[in-house]
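Everything on this sheet refers to the single structure shown next.
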Amino acid sequence: MIASQVRSSLPYQVLIHINKPFSICLWCFLIIVYFYKGQVLPYPNHVRIMEFLIILLFAPIEMFRLNSATRGNLTETPAYVGFSALLSLPSFVICVYLGIFQNFILLLEEVVVCIEAVLIILETLLSLVLFATLSRPTTIG
């Protein structure tokens, strides 16, 4: 009988499990806040359109990032974990834009986006550690 060694990461999986519903709620919150700010604040039309496109772009990037992270961790495949780490960069850039560089930022919006950015940073660090663990050859013995 061949002994197998489990190399997937439980803390990484827990962070992914926490971030999935948080990302969905964040996206819905951003859409609601976008329409609120469009009604209340004096936004130029081109800025409103660009911010709407950025918010729409955030959802599929985050979905692919979290799904590939889950798949890579559970199947112990370094390619999916690496792809997830690569997709964390655009997600983090969108969070930085939404938290710092928007025309008008609500305090609640900034807090929620900063929480998402911290989760992305932690997941990226753990994914790099997991990528290194999965990339080295296994020793049976």
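log10 I(q)/I(0), Debye, Cα-only the chain, no solvent, q = 0.08, 0.09, 0.19, 0.20 Å⁻¹? Cα-only, vacuum Debye calculation for the chain: -0.27, -0.33, -1.02, -1.10. Placing +1 on the Cβ of every Lys and Arg and -1 on the Cβ of every Asp and Glu, with nothing else charged, gives segment 10-135 a dipole about its Cα centre of roughly 160 debye.
Values quoted throughout were computed directly from the atomic coordinates according to the rules given, and no laboratory measurement underlies them. Fair warning: this is a prediction, and the values are worked out from it, not measured in the lab. Here Cβ is always computed from backbone atoms with ideal geometry, including for glycine, and neighbour counts include all displayed protein chains.
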